[in-house]
Every structure is written in C-alpha cells, then in structure tokens.
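Trainee: Before anything else, here's the structure in question.
The values are calculated or read from the model by the stated rules, or taken from the named source; none is laboratory data. Remember, it's a predicted structure, so these values are computed and weren't measured experimentally. Note that we place each Cβ from the backbone using ideal geometry, even for glycine, and neighbour counts take in every protein chain shown. Side chains are part of the model used for accessible areas, which takes the heavy atoms of the whole protein and leaves out ligands, DNA and RNA. Shrake-Rupley method; radii C 1.70, N 1.55, O 1.52, S 1.80 Å.
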Amino acid sequence: TSFTEQDKALAAIVRDAAKAGEAAIARQALAKMTSFTAQDQAALEAARELVKAGRRTDAIDIARSMTSFTLRDAALKELAQ
C-alpha cells in the first residue's frame, strides 16, 4: 500500500471517528498519517464533525494540531463562531 492510499484510509477513519464523537480515535489516526497536507485536511474535517457532535473542546484541540498556520488559524476562527 502506498502512503497516499494509507493516508486516504486513515482520513476515512478520522472522519468516521469524529462523526461518532470519538476524538481519541480520530487523534490516533491523525498521528499515523504521513502527509502533512492530508493530515491537516482530515483534522479540519474532524474538527467540523466534532462540533456537530457537541465536542467543541475536542474539535479545538484537533484544530490546534494542524501544521499549516493559515489553515489552523482559519479553522480556529471558524470554531470560535
């Protein structure tokens, strides 16, 4: 399996875990991703899903883990609303 395919599978796990409100599982899957770009995108999607699941604090924690300053700041601004 290529790293790209592995990251796609892990991103799906991140998204599904976040939808279920399982922030710990989402964090574990994010930590195993190799591409920072893919990881940041998955983190953004997870943060959005966690807010929908009523887990704002977990969403903010995941958003803070993003490596892209621009994306992280935009995500934190979005979550603050």
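Trainee: When the chain is modelled as a GNM with alpha-carbon springs shorter than 10 Å, which of L44, L30, L71 fluctuates the most?
Mentor: So, out of L44, L30, L71, the one fluctuating most is L71.
Trainee: Using the reciprocal of the averaged 1/r over all distinct C-alpha pairs, how large is the Kirkwood radius of the chain in Å?
Mentor: Numbers: mean 1/r = 0.0830 Å⁻¹.
Evaluated over the chain, this radius sits at 12.0 Å.
Trainee: Enumerate lysine pairs in the chain that are 8 or more residues apart or on different chains, then count those whose Cα atoms are under 18 Å apart.
Mentor: Lysine pairs satisfying the spacing and distance rule in the chain number 4.
Trainee: Another question about this same structure. Using a 1.4 Å probe over the heavy atoms of the protein chains, calculate the carbon and sulfur portion of the accessible area of segment 12-81 as a whole percent.
Mentor: Using a 1.4 Å probe with all protein chains present, segment 12-81 comes out at 53 percent carbon and sulfur.
Trainee: Would you please give the FRET efficiency between S2 and K52, computed as 1/(1 + (r/R0)^6) with r the Cβ-Cβ distance and R0 = 35 Å, to the nearest 0.05? Present the calculation step by step, with values, prior to reporting the outcome.
Mentor: Values: r = 31 Å, r/R0 = 0.89.
Result of the calculation: an efficiency of 0.65.
Trainee: Note down the nm distance, to one decimal, between modelled labels 7 Å out along Cα→Cβ at A80 and at A20.
Mentor: 3.3
Trainee: Please sort by residue number the trypsin sites (Lys or Arg not before Pro) in segment 1-63 whose DSSP state is loop and whose Cβ has at most 16 other Cβ atoms within 10 Å.
Mentor: K32
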